[in-house]
Amino acid sequence: MKQSTKTNQKENTSNGITLIALVITIIVLLILAAVSISTLTGDNGILTKASNAKRETEEAAAREKVQMAVLASYGTDGTIDKIQLKSNLQKVEGIDVNTIPNSDTKDFPWEVTVDGYPVTINENGNVTVGDKTNGGTGNPTYNTATTVIEAKKQNVPYRSKTTITDAYNNSITIPEGFKIAQDSADDVTGGVVIEDATEEATKGSQFVWVPVGNISNATGTKTIELNRYNYTFSGEGQNRKYYFDPLGEDPYAGYYEELAESSYGNSTAKDINAFKTSASTNKGYYIGRYEARTKTERTNNTDDLGQLTVNSDDYVYNYVTQNQASALSQNMYKNKTFTSDLINSYVWDTTTLFISTYGNANYPSSISLNNSFANQGTNSLQNASQHDVQCNIWDMASNVAEWSTETHTYKYNDDECYGTLRGYTMNSYDSVMFNRSMSSWSLDIPLSGAVELHSFRVILYL
């Protein structure tokens, strides 16, 4: 019995030593593995250094390819010949030809993509290369998202015209160079906002998608038809196609068809039929989130017109005539796959119907929140208490009267046509005749009128 006990004790002692040794061995192996992993990875790891070296080599190669094209594009006057540069870029190996500017008149900087890297050329011929990721977040340089929610997360622009969907599977088509704004709604009924993210002069300008056709949200599906409407106080839209109308942008049966192309001195829509086709095909269009803006506050109608923006922090673009408003709108974006224009009657009326359907039902009969810029002391309109926001669209019934492409058949002093101002109620005649401030068909304002309360709103269509 004693012999047996001693044997068991030895066996137990032997087993105990083996387990301890095993645990120690595992700990040592884990330490060695951690050291090995640290050596391979981490900021100074072998794999990280190899990856960085590979990236730097690729970036240098992309830069060199474009730099060679630039150096071969200088004219005898010492400046870059854009026609030659465009031709030379098309020969660069690995370049995405879709990123080469459509027109050789495009201002610098130019950004092209070579071997997946964004390469920028400035007016001095300097070439810089960006990372394939945006700010180290892992997002692509150009947006690849197919939904509004994911596009907001990526927070970068789309390279080309792209159709995505909202939270309820409604379609939104994003123009090239635009991204989804960070404060955009997730569905179209709340107001999906896009933001210019690439054009230096207009960067930050924002537009809201107005859907056309069948629109779905949590409460069901409704239909909004692109049309001209007359409104009751309840906000209900009624087709105003056969009402007495200002000069329309296009002919329609029975009323002023012979005046549709207007010889009255007004600016008409760039191409109303192209707009209507686009809105129908793409199931919507864009309207400026704000009235037209500019970076320098305007104090009179002789001020230099300056660059047009649609930025919230800029000043309202007032003291402007109808023709100036049209020219500024149409020239805001050129040589693009989308079109900018001055707001037309279809946009104003359909947007009003959209707002009264998904925002304030009584909006068509809304009274302006502020009677003049004097209420704010500046035309930057930063006073939040005066803001009028519906479906992410600001101040359509407030702040200023907005020029449209419509024009009345009446003459001013027998030599100038009357303009059509929308939004802000200009005088008692408007409210008496139409009982609604959202129409504001001003019959006493000549086209050349350019005062503090005259501004305009830009539209985009694809």
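Worth a mention:
- Subset tally (residues that are at positive phi and either acidic (Asp, Glu) or touching a Phe, Trp or Tyr at 6+ places or on another chain (Cβ under 9 Å) (or both)) for region 53-79: 0
- THR13 modelled with pLDDT under 60 and among the β-branched types (Val, Ile, Thr): yes
- From the list SER267, SER312, SER280, the one residue that fits, being modelled with pLDDT of 70 or more and not in a loop (DSSP other than H, G, I, E, B), is SER280.
- THR337, sole failed condition from (1) surrounded by 15 or more Cβ atoms within 10 Å (Cβ to Cβ); (2) under 21 Å from the mean Cα position of the chain (by Cα); (3) modelled with pLDDT of 90 or more; (4) outside any strand (DSSP E or B): (1)
- In region 66-76, the condition of being in contact (Cβ under 8 Å) with a residue 60 or more places away in the chain, assigned to a helix (DSSP H, G or I) and surrounded by 13 or more Cβ atoms within 10 Å (Cβ to Cβ) is met by at least one residue.
- Residue in region 202-210 that is modelled with pLDDT under 95, in contact with a Gly (Cβ under 8 Å, 6 or more places away or on another chain) and aliphatic (A, V, I, L, M) present: no
- Residue check for THR232: surrounded by fewer than 16 Cβ atoms within 10 Å (Cβ to Cβ) and modelled with pLDDT of 95 or more: no
- Top-ranked residue in region 121-139 [being open to solvent by 40 Å² or more (accessible area, probe 1.4 Å) and touching a helix residue (DSSP H, G or I) at 6+ places or on another chain (Cβ under 9 Å); ranked as modelled with the lowest pLDDT]: THR137
- Residue in region 216-223 that is under 30 Å from PRO109 (Cα atoms) and open to solvent by 20 Å² or more (accessible area, probe 1.4 Å) present: no
- Residue check, ILE355 modelled with pLDDT of 85 or more and outside any strand (DSSP E or B): yes
- Residues of region 313-333 satisfying the condition of being open to solvent by 40 Å² or more (accessible area, probe 1.4 Å) and in contact (Cβ under 8 Å) with a residue 60 or more places away in the chain: ASP313, TYR315, TYR319, ASN323, GLN324, ALA327, GLN330
- Close contacts from region 104-117, counting a first residue that is within 21 Å of ASN143 (Cβ to Cβ) and hydroxyl-bearing (Ser, Thr, Tyr) and a second that is open to solvent by less than 60 Å² (accessible area, probe 1.4 Å) and in a loop (DSSP other than H, G, I, E, B), with Cβ to Cβ under 8 Å and a gap of 6+ residues or different chains, come to THR113/ASP96; THR113/THR141; TYR117/GLY130.
The values are calculated or read from the model by the stated rules, or taken from the named source; none is laboratory data. In this text the structure is predicted, and so the values were computed from the model without any measurement. Positions of Cβ are generated from backbone atoms using ideal geometry, with glycine treated the same way; all protein chains shown enter the neighbour counts. The accessibility values were calculated without ligands, DNA or RNA, using every heavy atom of the protein model including side chains. Shrake-Rupley method; radii C 1.70, N 1.55, O 1.52, S 1.80 Å.
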